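Here the structure is laid out as structure tokens; the discussion comes afterwards.
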Amino acid sequence: MRIRGFAWLLPGLLTCLMLAWPPDPAGASAMGLQEDFIRVVERVRPSVVSLKAIRVVTYQVPGVPEDFFRGTPFEGIFRDFGPPQAIRQRLVGQGSGIIIDNLGHILTNSHVVAGAQQIKVRYDDGREVTGKVVGINERFDIALIYAPAPYLRPAVLGDSDRIRVGQWAIAIGSPFGLEQTVTVGVVSATGRRGLGKGTYGDFIQTDASINPGNSGGPLCDLDGRVIGINSMIVATGQGIGFAIPINLAKRIIAPWLRRQ
């Protein structure tokens with residue numbers, strides 16, 4: 001009877017205990033970081049496109065001209081080989097890009113689109129259009145594509161001069177054709193030299209997973225701003241990828257945009 005008489009106190013006691021119990025700072029921090037990642041992805045992913053660069057190449061299949069051995073003891077021996085033939089083959093390269101304005105300009109790598117006879121741009125919502133190259137700089141591996149379409153969502157370009165080693169880095173792209181793939185890591189280093197063609201030394205290094213097809217896609221900070229354009233990896237290593245600083249990319253494409 002006494003316990004039953006004090007039952008009305010239990011809800012109040014439980015509330016006091018819950019208020020007095022210290023929160024789990026690690027759990028709260030992890031959940032907050034998770035929400036940050038989700039927010040960045042929801043903000044940037046509609047601005048990321050998948051690119052297909054279509055090239056038609058012609059090569060010669062070895063053969064023997066019909067009159068090569070005519071009048072010799074070998075005439076007719078190699079007739080079954082036939083004359084040399086020209087074979088045309090359609091090659092499709094895969095890459096990524098980032099929308100930078102409402103007009104349909106897309107920033108990517110030059111090695112993704114260089115030499116392509118046709119460029120197919122696939123937007124996040126499934127629309128597919130044909131794009132054209134506005135400008136290309138092979139030295140710095142930067143290219144600008146024009147692929148106009150309504151209702152585009154351009155990304156926010158950040159300031160790569162302000163990034164710090166150790167900060168979070170989020171890569172979005174189409175590795176191996178898997179569109180809108182998100183990987184997370186940190187900025188491992190800045191100003192890396194002696195990479196690629198060795199023509200400049202200002203790469204951002206990251207351990208966010210980058211694979212073939214990520215090229216041309218964005219590397220973002222935790223505010224969803226693009227700080228780099230993913231460009232290359234060390235094929236024999238793990239977690240060693242490189243991005244072109246966005247400030248460098250902005251300087252290169254500025255004259256191309258003014259001509260539009």
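Of Gln180, Gln167, Gln205, Gln260, all but one fail to be closer than 22 Å to Asp124 by Cβ and touching a residue at least 24 places away in the same chain (Cβ under 8 Å); the exception is Gln180.
On inspection, Ala116 qualifies as small (Gly, Ala, Ser), outside the structural domain of Gly228 (by TED's automatic domain parsing) and touching a strand residue (DSSP E or B) at 6+ places or on another chain (Cβ under 6 Å). Being under 19 Å from Leu51 (Cα atoms) and either surrounded by fewer than 24 Cβ atoms within 10 Å (Cβ to Cβ) or without any contact (Cβ under 8 Å) to a residue 12 or more places away in the chain (or both) is a property that Ile253 has.
Within region 235-250, the set of residues being closer than 15 Å to Ile210 by Cα and either touching a Gly at 6+ places or on another chain (Cβ under 8 Å) or buried (at least 17 other Cβ atoms within 10 Å of the Cβ) (or both) comprises Gly239, Ile240, Gly241, Phe242, Ala243, Ile244. Total residues in region 168-182 satisfying the condition of being surrounded by fewer than 13 Cβ atoms within 10 Å (Cβ to Cβ) and either touching an Asp or Glu at 6+ places or on another chain (Cβ under 6 Å) or at pLDDT 95 or above (or both): the figure is 0. Is it true that some residue in region 209-232 is crowded, with 18+ Cβ neighbours inside 10 Å, in contact with a Ser or Thr (Cβ under 8 Å, 6 or more places away or on another chain), in contact (Cβ under 8 Å) with a residue 60 or more places away in the chain and on the phi > 0 side of the Ramachandran plot? Checked against the condition, which is being crowded, with 18+ Cβ neighbours inside 10 Å, in contact with a Ser or Thr (Cβ under 8 Å, 6 or more places away or on another chain), in contact (Cβ under 8 Å) with a residue 60 or more places away in the chain and on the phi > 0 side of the Ramachandran plot, region 209-232 yields at least one hit.
Each residue in region 106-146 was checked for being polar (S, T, N, Q) and surrounded by fewer than 17 Cβ atoms within 10 Å (Cβ to Cβ), and 4 of them qualify. Of the strands (runs of 3 or more DSSP E) entirely within region 43-128, those holding at least 1 residues that are modelled with pLDDT under 90, over 17 Å from the mean Cα position of the chain (by Cα) and closer than 30 Å to Arg258 by Cβ occupy 48-61. Only one of the numbered conditions (1) crowded, with 18+ Cβ neighbours inside 10 Å; (2) of a type in the set (Asp, Glu); (3) farther than 20 Å from Leu33 by Cα is not met by Asp202, and that is (1).
Those strands (runs of 3 or more DSSP E) of region 168-257 in which at least 2 residues are over 17 Å from Thr108 (Cα atoms) and of a type outside the set (Asp, Glu), considering only elements entirely within it, cover 168-173, 181-192, 203-206.
Of all positions in region 147-161, at least one carries a residue that is in contact (Cβ under 8 Å) with a residue 40 or more places away in the chain, in a helix (DSSP H, G or I), in the same structural domain as Gly241 (by TED's automatic domain parsing) and surrounded by fewer than 13 Cβ atoms within 10 Å (Cβ to Cβ).
The values are calculated or read from the model by the stated rules, or taken from the named source; none is laboratory data. The structure displayed is predicted, hence computed values, not measured ones. Neighbour counts are summed over all protein chains in view; Cβ atoms, including those assigned to glycine, are modelled from backbone coordinates with ideal geometry.
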